[in-house]
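Only one structure is covered here, and it is reproduced in the block below.
The values are calculated or read from the model by the stated rules, or taken from the named source; none is laboratory data. This structure is a prediction, so every number in the text was calculated from the model and none was measured. Don't worry about glycine lacking a Cβ; one is built from the backbone with ideal geometry, like all the others, and counts go over all protein chains shown.
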Amino acid sequence: MAFWMDQVTRGWLIYELTDSTVQLGLVRGVQAIPILLLSPLAGSAADRYSRKTQILVTQIGDGAMFAALALLIVTGQIQPWHVYATAFGMAIAQTFQQPARAAIIADTVPGNRLPNAIGLNSIIFNVARSTGPALAGVLIAAFGTGGAYGTQAAFFFLATYWTFRLRAVEPAAARSQGHAARGATFAGSIVEGWKFSWRNETIRAGLLITMFASLFIVPFTTLLPVFARDILGVGATGQGLLLTAMGVGALGSAAIIASFGDRMPRGIFMLGGVALYGIGVMAFAASPWFQLSMALMVIVGFANVCSHALVQTVLQTDSPPEFRGRMMALFHMGQVVMTVGSMFIGALAAICGTQWAVALMGAAGSLAMLAIHWTLPRAWYIR
């Protein structure tokens, strides 16, 4: 809930303080630095040490930063640099949290149930995705961004409490592999993970799909405050509803994967999902009506999660346990590419307008899927 609320609150706050589309991109851009530099270390740490502890420490840090932002806003001392500094700190915490959180799923379920488990995890994630943005919009309208950030801090501290109660399952094989990994240097472990990801064609295809989607298509959400306030005229509440509609589509996609994940042709849905995602974003850019934009966001959310969850399934299924944390770290490095795309789309919007910038980036993402299909034809047949 707190994560998805922040997608509305942080963008709205920086736009409120600066009235700049470029800074909407930059506030995401600063998050690229820790993700780029620390993701390899985070993945190796998840393969060496307790994944539960890694999750706990990062959640406490996230909650503290949200609480600090709420206090600064309420006392009237908030400045743009505070938004940037906490975005940077949140990126550090998320960098270490995500590979541990993703890899711990595969530690707890049989391999043949992994697609269903990842689909179920996506359902939980997207229930929050469906309700969090709308709640943020309501709270911003009623109490300002300070009220939204106070609620986000409370959600993170609740999540920390429940994580403390989690009885993590760590198979004996995983423990022995973790001890073996600690015998190597961090640098050697990182390089070994990179080599493995390149040699395995299935994993390489999955990572390329994620990277191109993150560069060209996902960053369109950076400009949602502009669509909500200036193009569609629906304000912060409308922005929250747009993200909620995207979450509804994502929830439907996740439910299908949870039910039929092991029987779905993954390559087709991975490539086709991103291609549809790009087309949906292009249509959203051209929409002049809020109701049509809401419907298109449902399609966008469905296509996005369909591809994203199946790529994650492929990476975890084709990665042995001793490499799983590092593969998940590489997967989440798509956020580095996304922040670069966010900076680029913000600058492009300043040059040619918000709608043209989003449409051009969506088209580029769909064409990139065709390029992957032509250069790695076996990706289409991944199952």
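Points to keep in mind about this one:
- Residue match in the range 101-119 (condition: assigned to a loop (DSSP other than H, G, I, E, B) and either more than 19 Å from Trp12 (Cα to Cα) or touching an Asp or Glu at 6+ places or on another chain (Cβ under 9 Å) (or both)): yes
- Filtered by the rule that a residue be surrounded by 13 or more Cβ atoms within 10 Å (Cβ to Cβ) and modelled with pLDDT under 85, the range 363-383 gives Leu376, Ala379, Trp380, Ile382.
- Residues in the range 249-281 that are within 22 Å of the chain's Cα centre (by Cα) and either surrounded by fewer than 20 Cβ atoms within 10 Å (Cβ to Cβ) or among the basic types (Lys, Arg) (or both): Gly252, Ala255, Ile256, Ala258, Arg266, Ile268, Gly272, Ile279.
- The range 286-298 residues that are touching a residue at least 60 places away in the same chain (Cβ under 8 Å), paired with ones that are of a type in the set (Gly, Ala, Ser) and part of a helix (DSSP H, G or I) (beta carbon under 7 Å, 6 or more apart): Ala286/Ala359
- All of Ala68, Ala46, Ala117 fail the test of being in contact with a Gly (Cβ under 7 Å, 6 or more places away or on another chain) and not acidic (Asp, Glu), apart from Ala46.
- Number of positions in the range 61-86 that are at pLDDT below 90 and within 25 Å of Ala42 (Cα to Cα): 0
- Of all the residues in the range 215-245, those that are outside any helix (DSSP H, G or I) and not aliphatic (A, V, I, L, M) number 1.
- Criterion (small (Gly, Ala, Ser), under 26 Å from Leu224 (Cβ atoms) and without any contact (Cβ under 8 Å) to a residue 12 or more places away in the chain) met by exactly one of Ala93, Ala70, Ala85: Ala85
- Of residues in the range 72-116 being under 20 Å from His332 (Cβ atoms) and among the charged types (D, E, K, R), the one surrounded by the fewest Cβ atoms within 10 Å (Cβ to Cβ): Asp107
- Condition broken by Ser319, with the remaining ones in (1) assigned to a helix (DSSP H, G or I); (2) closer than 29 Å to Trp194 by Cα satisfied: (1)
- Evaluating Met333 against the criteria (1) at pLDDT 80 or above; (2) closer than 30 Å to Ile33 by Cα leaves one unmet condition, (1).
- If you go through the range 125-165 and keep only what is in contact with a Gly (Cβ under 6 Å, 6 or more places away or on another chain) and more than 20 Å from Ile60 (Cβ to Cβ), you end up with Asn126, Arg129, Ser130, Pro133, Ala134, Ala136, Gly137, Leu139.
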